[in-house]
Amino acid sequence: MPCSLWPPIKKEEYKGVWVYLEREGDRLKDVGLELLGKARDLAQKLGGAEVGGVIVAGTEEMAREAIYHGADKVVIIDNPELKIYTPKEYAEAIATVVQKYKPEIFLIGATKRGRELAAYIANTLTTGITADCTALEIDPKTRDLMQIRPTFGGTQLATIKTPQRRPQMASVRPGVFPKPPRDTNRTGEIIIEKVEVTRKTRLISVEKRLEKDVADLPPVESADVVVAGGRGLGSADGFKLLIELAKLLGGTVGASLMAVRAGWAPHTRQIGQTGKTIRPRLYIAVGISGAIQHLMGILEAKTIVAINPDPHAPIMENADYAVVGDYKQIIPLLIEEIKRL
Ligand code: FAD
């Protein structure tokens, strides 16, 4: 039901499928590029609609990268004050661009920042948002976006539509859609938009306590090998062992929600329903029981190894190799063996 206080809109004015392209330092995050691939698919189903991208305080090089991955048009929001992320100002700037270009569909990567921004943007645009979608389709009859996401603890899939409002907004977890191939022959339009914002927050300092330990390791969503720890590690020290093993295997470290809650690993490393979806070649679960919400993040892992003293833990049933035992004995042996190779 549309809210009667919301301003009326003309649906026919909204065209195209646009994506928010989140920056990470001097590059674009993979999730934005993955969404460009899906946006092309949706645009095709809408009869060849335009695919657009929005970057806040980005560079033309980033915009070109987006074009190589499927964008027809990229808007760079040019405002030096937005070099550092603050949610309200970013949301205001992005909403201004969306209001100007009026895409029919606007997609955002469900990263920590993306989730935060999506809610602010949807509120500013007086439209709905479906968070954490795992599939997106076009309803062949109504041409509405079908926003599909797990519900009831992952046991069911809900299909949500926003038939009355535009744009139709969805956030999608990293790793859900494949990144389209990079085609340097693709061409597109790059537009620089100067957007002013009302400053409501001022950043005083950034503290990256837990991030420091894993700063030199790749993010979980792009690593080929992920060694993840859970509550069974017993302490933050357990993670040091996992970091050593991950480095030897040329991979990275991940964590269960319980390990993140215990303060042993940063939130950016959480795998599962409310964390990251990953598709590594090798996943090693250490001290993780394998709750359904965790398993949902590793469905696409090629080989799963579990280390757990409980042979009946659900992760053991889902593993290709189940090692029954205490990680404190097994991981040092594994490290020793790998070093010997
Ligand atoms: P536990 O379930 O406590 O398991 C610890 C395991 O360690 C046990 O199997 C134990 O046998 C083993 N162990 C103990 N000692 C050792 C040892 N010495 N060596 C090796 N193993 C040992 N969870 C996520 O992970 N990701 C999510 O995104 C997520 N989202 C959620 C969303 C919702 C809405 C809800 C309700 C829950 C969510 N959860 C999520 C939580 C999930 O349900 C579980 O509670 C959580 O995954 C359990 O974490 P764990 O496996 O680390 O801990």
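The values are calculated or read from the model by the stated rules, or taken from the named source; none is laboratory data. These numbers were taken from a predicted model, which means no experiment stands behind them. Cβ sites come from the backbone with ideal geometry, for glycine too, and all protein chains shown count toward neighbours. These accessible areas exclude ligands, DNA and RNA; they are computed on the full protein's heavy atoms, side chains included. Shrake-Rupley method; radii C 1.70, N 1.55, O 1.52, S 1.80 Å.
A few points about this structure:
- Length gained when the stretch ASP320-ASP224 is fully extended (0.36 nm per residue, less Cα-Cα span): 32.9 nm
- In this simple spin-label approximation, LYS88 and LYS141 carry label points 7 Å from Cα along the Cα→Cβ vector, and these lie 4.4 nm apart.
- Ordered by solvent-accessible area of protein heavy atoms (1.4 Å probe), largest first, the residues TYR68, TYR20, TYR321 come out as TYR321, TYR68, TYR20.
- Between the residues ALA110, ILE76, GLN99, the greatest Cα displacement towards the positive end of the dipole of segment 11-194, with unit charges on the Cβ of Lys, Arg, Asp and Glu, is found for ALA110.
- Relative contact order [Cα under 8 Å, 6+ residues apart], the chain, whole percent: 14 percent
- Residue-averaged 222 nm ellipticity for the chain, from DSSP H runs of 4+ at -39500 (n - 2.57), nearest 500: -8500 deg cm²/dmol
- As a calculated quantity, the FRET efficiency between LYS100 and LYS161 at R0 = 25 Å, using C-beta atoms, amounts to about 0.50.
- Using a probe of 1.4 Å, the accessible surface attributed to MET62 totals some 10 Å² when neighbouring protein chains are kept in position.
- Links that overshoot a 22 Å alpha carbon limit, given the list LYS179/LYS247; LYS100/LYS194; LYS102/LYS161; LYS11/LYS100: LYS179/LYS247
- Share of carbon and sulfur in the accessible heavy-atom surface of segment 212-338 [1.4 Å probe, %]: 54 percent
- With the whole protein complex present, HIS294 retains an accessible surface near 10 Å², based on a 1.4 Å probe.
- ASP216 accessible area, 1.4 Å probe, all protein chains in place, Å² to nearest 10: 110 Å²
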